[in-house]
Structure formats: structure tokens, C-alpha cells
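Novice: Below you will find the structure I want to go over with you.
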Amino acid sequence: GKVIAMMTREENDRLCRVGPGTKMGALFRRFWLPICTADRLPTPGGAPLAERLLGEDFVVFRTGEGKVGVLDEYCMHRGASLALGRVEDCGIRCIYHGWKFGTGGEVLEIMNNKSQRPPNFRARAFPTVEAGGMVWVYLGPPEKQPPFPRYAFLDLPENHRVLLRVNQ
């Protein structure tokens, strides 16, 4: 007879769990991953997106200047969702207490106290690249960040590639 080997629950969890602190999650975070299609951020200064990737929640936005940013979804100050925030010229403003963050996570402005910026305060921000009709993000340790891969399809004209997005 044929012997079929079944995975144990622990083996299955090791292979399938990708959240923070998991082995597969650590592996996936060492690569550039698409977080959304660029057409979901069509207008500079438009509405931000809430996206979930590898078990974490992020906000993706295009500043009024056209630069794309990816931050932790929840504001470091009071935990409000930045996906409800207002995108402005060079960042995103939390609607709860008005803190404004740049694409690098830096606090650009504190509402009602424009003369003071808290030293060393930074939201968790992630490197991004817009290529091939997608926004790519690197979620791993900065010291291990690989160069962005130049897949052949990234350099094709837009009318020579098909990009499909499935919302699940």
C-alpha cells in the first residue's frame, strides 16, 4: 500500500502562518511584495487605502506631491486609523489629534502647536517602489533590505501587460 505522510499541526502552522514573529512571516518580509495596484491611488492627495499584508494592517497613500507612502495603519499617537486620515501636500494627517506624518514616518506637524515637533518621534514607515502598475513594499529589517528586483514585465509598456487584482 501507499503511505501518505500527514503534516503535524506544528508543521502546518510553520508553513502557513505569515504574521509578525512567525518563521514564514520573517522569510516573506525579506522580499519586496506588492501591497496594492497603483490605479487604486490615481490622484495625488486622494483618499488613503487600508491594506492588509502578512497579517498586518497598513495605510497606503499618495501625497499631494505624488509620492507614495506605506505606514502602519494605526497612528502612533492615539491609535486612530490613518486610513480615515486626510492626505495633504507632503503627508497624511490623523483625523483624531491632527498629527501629520510624511512618507518616511516623520512627524511633520502637530495641530495647534506648529512651532514644536516632538524629537525622535516616527511612525513605522516602509520603503516603497511604484513599478509595473503596482505599489511594492519592503517590510523586513532595514539592514537586510535587498535591491528592488527588476522583473522583465516591469519595463514593458502598459498595453503589453495585464494586471489583475482580486479582492478577497
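Novice: If you go through the stretch 132-168, how many residues are within 30 Å of GLU109 (Cα to Cα) and either in contact with an Asp or Glu (Cβ under 9 Å, 6 or more places away or on another chain) or assigned to a strand (DSSP E or B) (or both)? Show your work before the answer.
Specialist: Within the stretch 132-168, the subset within 30 Å of GLU109 (Cα to Cα) is 134-143, 145.
Now narrow it down to the ones that are either in contact with an Asp or Glu (Cβ under 9 Å, 6 or more places away or on another chain) or assigned to a strand (DSSP E or B) (or both): 134-139.
The number of residues fulfilling the criteria is 6.
Novice: Moving to a separate point now. So for the stretch 67-76 (the condition being basic (Lys, Arg) and either under 25 Å from TYR151 (Cβ atoms) or without any contact (Cβ under 8 Å) to a residue 12 or more places away in the chain (or both)), does at least one residue qualify? Break it down into steps so the answer makes sense when it comes.
Specialist: If we filter the stretch 67-76 for residues that are basic (Lys, Arg), which is where we start, we get 67.
Then drop every residue that is not either under 25 Å from TYR151 (Cβ atoms) or without any contact (Cβ under 8 Å) to a residue 12 or more places away in the chain (or both), which leaves 67.
Yes, there is a match, as at least one residue in the stretch 67-76 is basic (Lys, Arg) and either under 25 Å from TYR151 (Cβ atoms) or without any contact (Cβ under 8 Å) to a residue 12 or more places away in the chain (or both).
Novice: Sticking with this structure for a sec: Condition first: free of Cβ contacts under 8 Å to residues at least 24 places away in the same chain, among the basic types (Lys, Arg) and open to solvent by 20 Å² or more (accessible area, probe 1.4 Å). Can you find one or more residues in the stretch 41-58 that meet it?
Specialist: Looking for residues that are free of Cβ contacts under 8 Å to residues at least 24 places away in the same chain, among the basic types (Lys, Arg) and open to solvent by 20 Å² or more (accessible area, probe 1.4 Å), one finds at least one in the stretch 41-58, hence yes.
Results for (1) farther than 21 Å from ILE35 by Cα; (2) under 14 Å from the mean Cα position of the chain (by Cα), shown as yes or no for each residue.
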{"site": "ARG62", "(1), (2)": "no, yes"}
{"site": "ASP89", "(1), (2)": "yes, no"}
{"site": "TYR96", "(1), (2)": "yes, no"}
{"site": "GLY102", "(1), (2)": "no, yes"}
{"site": "ALA123", "(1), (2)": "no, yes"}
{"site": "PRO127", "(1), (2)": "no, yes"}
{"site": "GLU130", "(1), (2)": "no, yes"}
{"site": "TRP136", "(1), (2)": "no, yes"}
{"site": "PHE153", "(1), (2)": "no, no"}
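Novice: A further question on this structure: Hey, ARG78 hits all of (1) outside any strand (DSSP E or B); (2) open to solvent by less than 60 Å² (accessible area, probe 1.4 Å) but one; which does it fall short on?
Specialist: Condition not satisfied by ARG78: (2).
The values are calculated or read from the model by the stated rules, or taken from the named source; none is laboratory data. These numbers come from a predicted model, not from an experiment. Quick reminder, even Gly has a Cβ in these numbers, built from the backbone with ideal geometry, and neighbours come from all protein chains shown. Accessible surface areas use protein heavy atoms only, side chains included; no ligands, DNA or RNA. Shrake-Rupley method; radii C 1.70, N 1.55, O 1.52, S 1.80 Å.
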